[in-house]
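Worksheet: the structure to be examined is printed underneath.
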Amino acid sequence: MTIQAIKGTRDILPDEAERWQRVEEAARRVFRRYGFREIRTPIFESTELFTRVIGEGTDIVSKEMYTFTDRGERSLTLRPENTAPVVRAAIEHHLFQRPDCERLYYSGPMFRYERPQKGRMRQFSQIGVEAFGSDAPALDAEVMEMALSFLVALDIPDASLQINSVGCEACRNLYREKLREALADKVGELCSDCQRRYRENPLRILDCKVGCRRFLEGAPTLLDTLDEPCREHFQAVRQCLDRLEVAYRVDPMLVRGLDYYTRTTFEVLGASLGAQNALLGGGRYDGLVKSLGGPAVPGFGFASGVDRLVLSLPEETQEKRRGPDLFIATLGAAAWEPALLLARNLRRKDLWIEWEPAPGKSPKAQARRADRLGARHLLFLGEEELKRGIWTLKNMEEGSQKELRASDLDALVKELLR
Ligand code: AMP
């Protein structure tokens, strides 16, 4: 049997990879305007990092991690998300003392053992940002505005911002009690996971994937439960979004599947994705750095799912792919070396050159290959051309021909760039 890609992973072939590059380039361009710089961390970390930060009771930690023991008997985990690794690295390298490293972004693969479907993979890619050092509501608004600017730069239509506040630890403790009360006589009807969640952390029932949220209709919301400072913070975030003319909807049920969030949480939903419609999500995590042994530095961040962004790109912005600038075809053994050198010299001028490296291919086969590659120009190098020192350059787009002196490389470059 032939070996195939593992379930939940996929190959990104060249045509699609170019769409990925567009997403990555847009992220770089937009994030730079807001002062974010790239950080690259390893794809595996010690398991404890994730269990401590994401939370033992979350789906990610309890069911979805790719955890293994290495040959040195260490428990390692393929990163299911990258906020914890970035915080780990920032503590390890004392980045919190450097104002030029307060705003970081990353891009790369994440791993979760989920049930694969459209837009949900076991290896997927995220581009995310983390902004450390301020608990000001304006930071929340600024980063959310940036997330939307990123989608605008990609021409992704109809993305909608959903926001909520999960308050501080005290608000959430109070809310857990309220939830337990509200659900007390419905526990038996919850799914088995949510019966456990009811005991361990009823907040997680809000992101039940099989629909237990319906039992919460009419129950108090987190927003009703916020204490005064958290309420004021949320109010200020909303005002700031209004000032920035960013449209949003308050979703009082939005908690997200990671335990580290405090106060603002948000998600941006796409219009064209079906069930897996969250393009990106994030929020504030004021206690996280300290909980990992770092200073008491607040933070705010989000992660976007690149697979889903690529699926959401509008068709018409797929640029027509440009072919090679030139295909050099050779006729006869004597042309092989001049073609080899000409290809090198033109590539040094930053041009995309293709040629036929095996001598002796028929001119017809070479012309056909040039055509299939979408070459913009074709140059035949044969004995006749070499003897005369004159080359005939064919413009494949216009169907025209031009004679050029072989010794005049600049004239050829100019013609190819025309
Ligand atoms: P999270 O890390 O769960 O907050 O997710 C942030 C974003 O990553 C989501 O909004 C999705 O776009 C994307 N994402 C999360 N899990 C997956 C997955 N299994 N497959 C593809 N994209 C995902």
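Here are a few things to note about the model shown:
- Taken over the stretch 54-65, residues that are open to solvent by 70 Å² or more (accessible area, probe 1.4 Å) and not in a helix (DSSP H, G or I) amount to 1.
- Condition check for residue 214: open to solvent by 40 Å² or more (accessible area, probe 1.4 Å), part of a helix (DSSP H, G or I) and either modelled with pLDDT under 90 or in the same structural domain as residue 251 (by TED's automatic domain parsing) (or both): yes
- Where a residue in the stretch 263-280 is on the phi < 0 side of the Ramachandran plot and more than 9 Å from the ligand (Cβ to nearest atom) and its partner, wherever it lies, is part of a strand (DSSP E or B) and of a type in the set (Phe, Trp, Tyr), with Cβ under 9 Å and at least six apart: 264/300; 266/302
- Test: residue in the stretch 347-354 that is in contact (Cβ under 8 Å) with a residue 24 or more places away in the chain, under 22 Å from residue 402 (Cα atoms) and over 41 Å from the mean Cα position of the chain (by Cα): no
- Matching residues in the stretch 115-130 - criterion: being farther than 26 Å from residue 26 by Cα and in contact with a helix residue (DSSP H, G or I) (Cβ under 6 Å, 6 or more places away or on another chain): none
- Output for the stretch 15-35, where each listed residue is more than 15 Å from the chain's Cα centre (by Cα) and open to solvent by less than 70 Å² (accessible area, probe 1.4 Å): 34, 35
- Taken as a whole, the condition of being within 16 Å of the ligand (Cβ to nearest atom) and farther than 20 Å from residue 296 by Cβ does not apply to residue 157.
- Check on residue 187, on the phi < 0 side of the Ramachandran plot, more than 21 Å from the chain's Cα centre (by Cα) and either buried (at least 17 other Cβ atoms within 10 Å of the Cβ) or among the basic types (Lys, Arg) (or both): no
- Filtering 125, 134 for residues that are surrounded by fewer than 18 Cβ atoms within 10 Å (Cβ to Cβ) and among the polar types (S, T, N, Q) leaves a single hit, 134.
- Whether a residue is over 18 Å from the mean Cα position of the chain (by Cα), at pLDDT 95 or above, of a type outside the set (Val, Ile, Thr) and within 16 Å of the ligand (Cβ to nearest atom) was assessed, and residue 299 passes this test.
- Answer from 176, 196 - the residue that is more than 16 Å from the ligand (Cβ to nearest atom), modelled with pLDDT under 95, open to solvent by 50 Å² or more (accessible area, probe 1.4 Å) and not assigned by TED's automatic domain parsing to the domain that holds residue 276: 196
- Restricting the stretch 391-403 to residues that are modelled with pLDDT under 95 and among the hydrophobic types (A, V, I, L, M, F, W, C), the residue that is farthest from residue 342 (Cα to Cα) is 396.
- Residues located in the stretch 338-351, provided they are in a helix (DSSP H, G or I), surrounded by 12 or more Cβ atoms within 10 Å (Cβ to Cβ) and among the charged types (D, E, K, R): 347
- The single condition among (1) within 11 Å of the ligand (Cβ to nearest atom); (2) under 18 Å from residue 270 (Cα atoms) that residue 110 does not meet is (2).
- Scoring residue 158 on the criteria (1) open to solvent by 10 Å² or more (accessible area, probe 1.4 Å); (2) within 27 Å of residue 290 (Cβ to Cβ); (3) within 24 Å of the chain's Cα centre (by Cα); (4) of a type in the set (D, E, K, R) leaves a single failure, condition (2).
- Yes/no for residue 370 being hydrophobic (A, V, I, L, M, F, W, C), touching a strand residue (DSSP E or B) at 6+ places or on another chain (Cβ under 9 Å) and buried (at least 16 other Cβ atoms within 10 Å of the Cβ): yes
- Checking each residue in the stretch 43-53 for being open to solvent by less than 70 Å² (accessible area, probe 1.4 Å) and not hydrophobic (A, V, I, L, M, F, W, C) picks out 45, 46, 47, 51.
The values are calculated or read from the model by the stated rules, or taken from the named source; none is laboratory data. Everything numeric in this text was worked out from a predicted model, so none of it was measured. In this analysis, Cβ positions are derived from the backbone assuming ideal geometry, glycine residues included, and neighbour counts consider all displayed protein chains. Ligands, DNA and RNA are excluded from the accessible area calculation, which covers all protein heavy atoms including side chains. Shrake-Rupley method; radii C 1.70, N 1.55, O 1.52, S 1.80 Å.
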